[in-house]
Structures are given as C-alpha cells and as structure tokens.
Amino acid sequence: MTAGFSDADVETLEHNGTRLVRVHPRHDGAHRDWFTRNTEALRAAMYEHGAVLVKRSGLAEQAELAVLAEEIGGRTLEYNERSTPRSRVTGKVYTSTEYPADQTIAQHNEASYSEAWPHNVFFFCALAAKAGGETPVADSAAVLDRLPAGLVERFAEHGVLYTRTYRNGMGLSWQEGFQTDDKGQVESYCSDHNIQTEWDGDVLRTRQRRPALMVHPVTGKRVWFNQAHLFHVNALPEDVREGLLELCGPDGLPRNAYYGDGSPITADEHAAITAAYEETTLAEEWSTGDLMMVDNILTTHGRRPFTGERKVLVAMTQRTS
Ligand SMILES: O=C(O)CCC(=O)C(=O)O
C-alpha cells in the first residue's frame, strides 16, 4: 500500500521481492511545500517498501538534500570509518563512491561492517549519466530467503569477520579511512567501536566482528545485513585478485571477509550470496533532479557502470524517534 500521498502519481515497482515506490510529484515549482505535505507518506513508504524514488524532485541546491533528509529520515551523519573514496560536498552531504565509471559497485547495506551504520540513505542525482549509472536496489529479506539454510545458520551463529589493511597507494590509507592524521585518534575510535588494530609502521591492519543478520526495528523483519560478499576476496576482478594475493596474501588485502570464527567463506558460498543479490536487484534509470531514499536495513544499493559525466550526492541519517 502506498496511501497518503497528495498531488502525486505513485506506482510500486516489484521484482522478486524487491520493491521501489516511484513517485511523480504534481507541483508547479513549489517543491518544498510538496515535500512538507508528503513527508509522512514518503517516510511510511520507505519503511514499508524499502526504497522510494521521487522523480524530478525539484531539489536545486546540495544543502537542500541535507534539510530534506533530516525532515524525512532524522539526524544526518558524518561519513566515518570509510571504506570507499568519497568527498564532502557541503556539511554532511557527500559524493557517492568515486569509483571509475566502468566499475560495478556490488549491492550493500551502507556501512554494515561498522557499528555506526545509517538507518537511511538519501541519494540525489545532480547529473544523470549519458547511459547506465543506475543505483539498483535489492530487498534484504528477499536476499535472505534465497540463501541456503546452512549458510544462513552459520552466519547467524558466528557473524562476519571483516579484515582490512590500510596502506598508502592500495585501497584507502588509514588517514582517509578514519579522517585523521593522528594514530591516537584512530586507536581511540577503534577501541570505542570494537575494532582490533595492529600497526606495522604506517600500515594499519584491523579486524572486526559484526552480525550478519538484523531484525528491522520498525517492521520486525529478519534481513541479511552485511558486506561479507563485497569485502570477500572474490569480489575483486580475477586479474586484480591474483596480483593482490601474490603481493599481500589473504590477510594483507585492503579488505577481506570470513565467517566470524575466522573460517573461510568458500567461493561457492560467495557465488550463492552474489546470485541472491543478482536475482532480486531492481534498477531504475536516473534523471537529473531525482531523489531516492532507502531504508538501509530493508534495502541494499549498488551502482552500475556508466558513460559520460555523472554526479550522485548522498546524505545518511539516523532515526531519532
Ligand atoms: O553512486 C551511486 O549510485 C551509489 C554508490 C554507492 O554504492 C555508494 O556510494 O555507497
């Protein structure tokens, strides 16, 4: 159900359990008033279905993204404990991950490797690509339903062990990951957030155990909520993987993932998780000016390759009630 919208054409798109509510506002330029009238409906649709796309939102300024995100989602968050390169645009508005245009970004619940993950992610398409560049969504409960029961049980029992090696010139440096030049601040952040650290000169290795599943606090749904498949060595293209393994070994890779007890996630298990995402992914084309809001627990996001210029901005929020 997508009740409660006013002055809008609303459709719910569905693919193998993933839903995206597509909203076309009917307003004549007064987009802020439209958002004010529809705040409750947008929030309710996001928590019920996982993702809402507002076509031609009318948002013009970057700062407006943060204001709307706060009105609909709650307090905006800094991008801490980074795992990909992004730039601050203004306040707590960032660029989305700045990976080369020919790369795919696998589906993920934002920052689910961290203890400080956002409840919601707001994406604003400031410039649509010439072709491609969609931000697909996939329902985290639908992904869970497709995974083999034995694998789910094992992850439910042990969680995920994420390992990272921060070094200059290969993945993120610790300075970029933790947004500081002060090793003491990194140590204090890590000790506050249950992250084990090991320094080797200027190289930092970290290990952190996190749950693999989550129960949504509003809907009570059990979902697959982690980035095991994205951190896993098999997420790298084969040529890159082989080169990096030769250079650093599995424990020295910029990112890797294991079962929480340290045992390996096999190639077949990685393939099963990847297939579950592929089967449930729903991708809508961006137009410049579109705004998409996702419930980060219910729904993962990713990115498809693109041509031409593309600019997608992000604000992340934490529910305050
Ligand atoms: O650029 C996008 O559409 C999303 C990129 C992404 O997955 C991210 O920044 O977490």
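The values are calculated or read from the model by the stated rules, or taken from the named source; none is laboratory data. The shown structure was predicted, so the numbers you read here are calculated from the model rather than taken from an experiment. Cβ sites come from the backbone with ideal geometry, for glycine too, and all protein chains shown count toward neighbours.
For the reader, a short list of remarks on this structure follows.
- Hits in the stretch 2-21 - residues which are out of contact with any Asp or Glu (no Cβ under 9 Å at 6 or more places or on another chain) and over 26 Å from Ala276 (Cα atoms): Ala3, Phe5, Ser6, Asp7, Ala8, Asp9, Val10
- Taken over the stretch 81-103, the criterion of being part of a loop (DSSP other than H, G, I, E, B), in contact (Cβ under 8 Å) with a residue 40 or more places away in the chain and within 14 Å of the ligand (Cβ to nearest atom) is satisfied by Glu81, Arg82, Ser83, Thr84, Pro85, Arg86, Ser96, Thr97, Tyr99, Ala101, Asp102, Gln103.
- Verdict on Gly159 being on the phi > 0 side of the Ramachandran plot and surrounded by 18 or more Cβ atoms within 10 Å (Cβ to Cβ): yes
- Total residues in the stretch 124-142 satisfying the condition of being on the phi < 0 side of the Ramachandran plot, surrounded by fewer than 23 Cβ atoms within 10 Å (Cβ to Cβ) and either within 12 Å of the ligand (Cβ to nearest atom) or part of a loop (DSSP other than H, G, I, E, B) (or both): the figure is 6.
- Given (1) modelled with pLDDT of 95 or more; (2) away from the ligand (no atom under 16 Å from the Cβ); (3) surrounded by fewer than 17 Cβ atoms within 10 Å (Cβ to Cβ); (4) not charged (D, E, K, R), number of the condition Gln208 does not satisfy: (3)
- So Val121, is it within 12 Å of the ligand (Cβ to nearest atom), part of a strand (DSSP E or B) and aliphatic (A, V, I, L, M): yes
The rows are residues; the columns are (1) within 17 Å of Arg82 (Cα to Cα); (2) part of a helix (DSSP H, G or I).
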| site | (1), (2) |
| --- | --- |
| Ser188 | yes, yes |
| Asn194 | yes, no |
| Pro217 | no, no |
| Val223 | no, no |
| Asn226 | yes, no |
| His229 | no, yes |
